[in-house]
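Since the structure comes first, as structure tokens, the remarks are kept for the end.
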Amino acid sequence: MSASIRPYVSEDLPALYHVCLATGDSGNDASHLYHDWKVLGHIYAGPYAVLSPESAYVVEDEFGVGGYIVGPHNTREFERQLESDWWPELRTHYADPPEPRDQWSRDQRMAYLIHHPPRTPKRICEPYPAHLHINLLPRLQGMKIGRLLIRTWLERMANMGVDQAHLGVGPANERAVRFYQAYGFKEIERLPAPYDVIWFGISTGR
């Protein structure tokens, strides 16, 4: 089975939503966890492809798009663009969930993020201005495609004048943590619950 990496085009957007959901449970299929199959992609896939298409790539094989890498070259600018061009429309479709939050469904937790999106800490996004998300369906894992995707994206960032990039991953996603460490990402910091995130950084090679 052969697979190829190519730049994202707008027709790929539904596939990105599908891959996002199919890998949304710490790398495993999350389709059984959400009532609305799009809500996860509205946060972690769609805005990147729509607002930063110049740095989005997909992996395609005989079955179609099975993976992607997305990420803006400037996290702060991207967050401002989200607030002006992405979240307002979604907020008309997703209600801000009421308290108590310990009774929220997973869909409501995502709806909360649409209304109250977290901002990347200054200590992370200033030295590491770009950030990325990468996801691959199981059929494309273990083929070194993830490495090729990251290399392609880092080269794009370097060509755009970016020196450093970051990403955040939940510690429960042990496979992803091992993958990033093996690729050469360096742990910046590790935050416990309720944040529950490991921040990694890497040089683009510029």
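The values are calculated or read from the model by the stated rules, or taken from the named source; none is laboratory data. It should be emphasised that the depicted structure is a prediction, and the values quoted were computed from it without experimental measurement. When we count neighbours, we look across all protein chains shown, and the Cβ atoms used for this are built from the backbone with ideal geometry, even at glycine.
Odds and ends about this structure:
- Qualifying position, being closer than 22 Å to PRO47 by Cβ, of a type in the set (Val, Ile, Thr) and surrounded by 14 or more Cβ atoms within 10 Å (Cβ to Cβ), among ILE145, ILE150: ILE150
Per-residue answers, yes or no, for (1) at negative phi; (2) of a type outside the set (Phe, Trp, Tyr); (3) touching a Gly at 6+ places or on another chain (Cβ under 6 Å); (4) at pLDDT below 95:
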position	(1), (2), (3), (4)
VAL9	yes, yes, no, no
ASP12	yes, yes, no, no
TYR17	yes, no, yes, no
LEU21	yes, yes, no, no
ASN28	yes, yes, no, yes
LEU33	yes, yes, no, no
VAL39	yes, yes, no, no
TYR57	yes, no, no, no
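- Count - residues of segment 19-40 that are closer than 13 Å to GLY67 by Cα and either in contact (Cβ under 8 Å) with a residue 24 or more places away in the chain or assigned to a strand (DSSP E or B) (or both): 5
- The residues listed here are ILE114, ILE124, ILE69; of these, the one that is in contact with a Leu (Cβ under 6 Å, 6 or more places away or on another chain), within 28 Å of GLY161 (Cα to Cα) and not acidic (Asp, Glu) is ILE69.
- Selected residue (criterion: farthest from the chain's Cα centre (by Cα)) from residues of segment 25-37 that are surrounded by 15 or more Cβ atoms within 10 Å (Cβ to Cβ) and either among the aliphatic types (A, V, I, L, M) or within 12 Å of LEU137 (Cβ to Cβ) (or both): ALA30
- Screening ALA176 with (1) surrounded by 19 or more Cβ atoms within 10 Å (Cβ to Cβ); (2) modelled with pLDDT under 95; (3) touching a helix residue (DSSP H, G or I) at 6+ places or on another chain (Cβ under 7 Å); (4) not charged (D, E, K, R) gives one miss only, at (3).
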